[in-house]
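**Q** Quick one: the structure is below, and I'll ask about it shortly.
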Amino acid sequence: MKLNQRQEQLLKRTFLDYQQTTEFVKNPLIVHKADGLYYWDVEGKRYFDGIGGIFVATLGHRHPRIIAAMQRQMETLSFVPSMHGIADVTLDFIEKLGGVTPGNLNYIKPYSGGSESIESAIKFTRQYFKQSGKPGKYKFISRYLGYHGATFGAMAASGTGKRKTGFEPQMGGFLKVFPPTYYRERFDSWEACNRFCAQMFEDVIINEDPDTVAGIIIEPIGNTGGIITPTVEYF
């Protein structure tokens, strides 16, 4: 894509995740519009949105029912500060989501993105153990090749190598194990490989001291590592 002088100047005054702006300017992408499953850049070139805007537009772009619902909401209420109150429509959302989640997983804190959700999961977990008399339980175990977000705690939980080395040192208290795909060639079956990799979590917990481990953070299907789909037994 060829940039005009205005676009180049403005790009140099902004930031993207995980890459230097000077490198991005060499091969930029400026999106102008989207419709259905496609993006178009400012030069009119079309791109297939194979991951739904990183999974936030899974029903496609410009879906008429979604646009209508957003318009109705904006005409009624745009924003409620979460420190001071909660919107009634948020309670509707909590009721609907809690009605389809399994078991007692119906306590819900709404956020605008995945990074925020991971940050809060970390905070809630550490807060819980402090308030329940176990302040030493603060460590989290996640996986190499896993991705959990671009904010600081979420990045520390991620195992994305060079994506985060530019921001190191990371937060302390985050440990990693390898996903099943890393050891696949060493086992005769996918099931045996999964059993071994699940055991690694327990090995790390025992050797770190269970009284210091607060939780495990993993993707049910690991996207960044290559659509890693463990067995049911692994979970």
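**Q** For residue 118, indicate whether it is surrounded by 10 or more Cβ atoms within 10 Å (Cβ to Cβ), in contact (Cβ under 8 Å) with a residue 60 or more places away in the chain, part of a helix (DSSP H, G or I) and not basic (Lys, Arg).
**A** On the way: surrounded by 10 or more Cβ atoms within 10 Å (Cβ to Cβ): yes; in contact (Cβ under 8 Å) with a residue 60 or more places away in the chain: yes; part of a helix (DSSP H, G or I): yes; not basic (Lys, Arg): yes.
Against the criterion (surrounded by 10 or more Cβ atoms within 10 Å (Cβ to Cβ), in contact (Cβ under 8 Å) with a residue 60 or more places away in the chain, part of a helix (DSSP H, G or I) and not basic (Lys, Arg)), residue 118 qualifies.
**Q** Identify the residue in segment 176-199 that is surrounded by 16 or more Cβ atoms within 10 Å (Cβ to Cβ) and among the aliphatic types (A, V, I, L, M) and, among all such residues, is farthest from residue 223 (Cα to Cα).
**A** 198
**Q** Restricting the first residue to segment 88-101 and requiring it to be among the small types (Gly, Ala, Ser), which pairs with a second residue that is surrounded by 11 or more Cβ atoms within 10 Å (Cβ to Cβ) and in a loop (DSSP other than H, G, I, E, B) meet a Cβ separation below 7 Å and a spacing of at least six or different chains?
**A** Pairs that qualify, where the first residue is among the small types (Gly, Ala, Ser) and the partner is surrounded by 11 or more Cβ atoms within 10 Å (Cβ to Cβ) and in a loop (DSSP other than H, G, I, E, B), are 98/106; 98/108.
**Q** Would you mind finding the one in 153, 146, 173 that is touching a residue at least 24 places away in the same chain (Cβ under 8 Å), in contact with a strand residue (DSSP E or B) (Cβ under 9 Å, 6 or more places away or on another chain) and within 27 Å of residue 232 (Cα to Cα)? Break it down stepwise before answering.
**A** Working: 153 fails: within 27 Å of residue 232 (Cα to Cα); 173 fails: within 27 Å of residue 232 (Cα to Cα).
Unique residue meeting the criteria: 146.
**Q** Would it be correct to say that residue 137 is surrounded by 13 or more Cβ atoms within 10 Å (Cβ to Cβ), closer than 30 Å to residue 21 by Cβ and not assigned by TED's automatic domain parsing to the domain that holds residue 21?
**A** Working: surrounded by 13 or more Cβ atoms within 10 Å (Cβ to Cβ): yes; closer than 30 Å to residue 21 by Cβ: no; not assigned by TED's automatic domain parsing to the domain that holds residue 21: yes.
Spelling it out, it is not the case that residue 137 is surrounded by 13 or more Cβ atoms within 10 Å (Cβ to Cβ), closer than 30 Å to residue 21 by Cβ and not assigned by TED's automatic domain parsing to the domain that holds residue 21.
**Q** Please tell me if residue 124 is over 29 Å from residue 97 (Cα atoms) and not small (Gly, Ala, Ser).
**A** Here the answer is no, as residue 124 does not meet what is asked.
**Q** Within segment 176-222, work out how many residues are closer than 22 Å to residue 121 by Cα and in contact (Cβ under 8 Å) with a residue 40 or more places away in the chain.
**A** From segment 176-222, those closer than 22 Å to residue 121 by Cα are 176-179, 198, 201-202, 204-205, 208-222; that's our starting set.
Next cut, in contact (Cβ under 8 Å) with a residue 40 or more places away in the chain only: 179, 201, 204-205, 208, 211-219, 222.
Of the residues in segment 176-222, 15 are closer than 22 Å to residue 121 by Cα and in contact (Cβ under 8 Å) with a residue 40 or more places away in the chain.
**Q** Taking the conditions exactly as written (under 23 Å from the mean Cα position of the chain (by Cα) and acidic (Asp, Glu)), does residue 119 satisfy them or not? First the steps, then the outcome.
**A** Working: under 23 Å from the mean Cα position of the chain (by Cα): yes; acidic (Asp, Glu): yes.
Yes.
**Q** Among the candidates 14, 90, 58, 22, single out the residue that is of a type in the set (S, T, N, Q), on the phi < 0 side of the Ramachandran plot, in contact with a Gly (Cβ under 7 Å, 6 or more places away or on another chain) and at pLDDT below 95.
**A** Numbers: 14 fails: in contact with a Gly (Cβ under 7 Å, 6 or more places away or on another chain); 90 fails: in contact with a Gly (Cβ under 7 Å, 6 or more places away or on another chain); 22 fails: in contact with a Gly (Cβ under 7 Å, 6 or more places away or on another chain).
The conditions single out 58.
**Q** If you don't mind, there's one more thing I want to ask. Just to be sure before I move on: is residue 126 in a helix (DSSP H, G or I) and touching a strand residue (DSSP E or B) at 6+ places or on another chain (Cβ under 8 Å) in the structure I sent? Break it down stepwise before answering.
**A** Numbers: in a helix (DSSP H, G or I): yes; touching a strand residue (DSSP E or B) at 6+ places or on another chain (Cβ under 8 Å): yes.
Considered against the rule, which asks whether it is in a helix (DSSP H, G or I) and touching a strand residue (DSSP E or B) at 6+ places or on another chain (Cβ under 8 Å), residue 126 comes out as yes.
**Q** Specify which of the listed residues (161, 226, 166, 172) is surrounded by fewer than 16 Cβ atoms within 10 Å (Cβ to Cβ) and either under 25 Å from residue 124 (Cα atoms) or touching a Gly at 6+ places or on another chain (Cβ under 7 Å) (or both). Step through it out loud before you land on a result.
**A** Details: 161 fails: either under 25 Å from residue 124 (Cα atoms) or touching a Gly at 6+ places or on another chain (Cβ under 7 Å) (or both); 226 fails: either under 25 Å from residue 124 (Cα atoms) or touching a Gly at 6+ places or on another chain (Cβ under 7 Å) (or both); 166 fails: either under 25 Å from residue 124 (Cα atoms) or touching a Gly at 6+ places or on another chain (Cβ under 7 Å) (or both).
After ruling out the rest, the residue left standing is 172.
The values are calculated or read from the model by the stated rules, or taken from the named source; none is laboratory data. Here the structure is a predicted model, which is why all the values come from computation and not from measurement. No Cβ is skipped: glycine too gets one built from the backbone with ideal geometry, and neighbour counts run over all protein chains shown.
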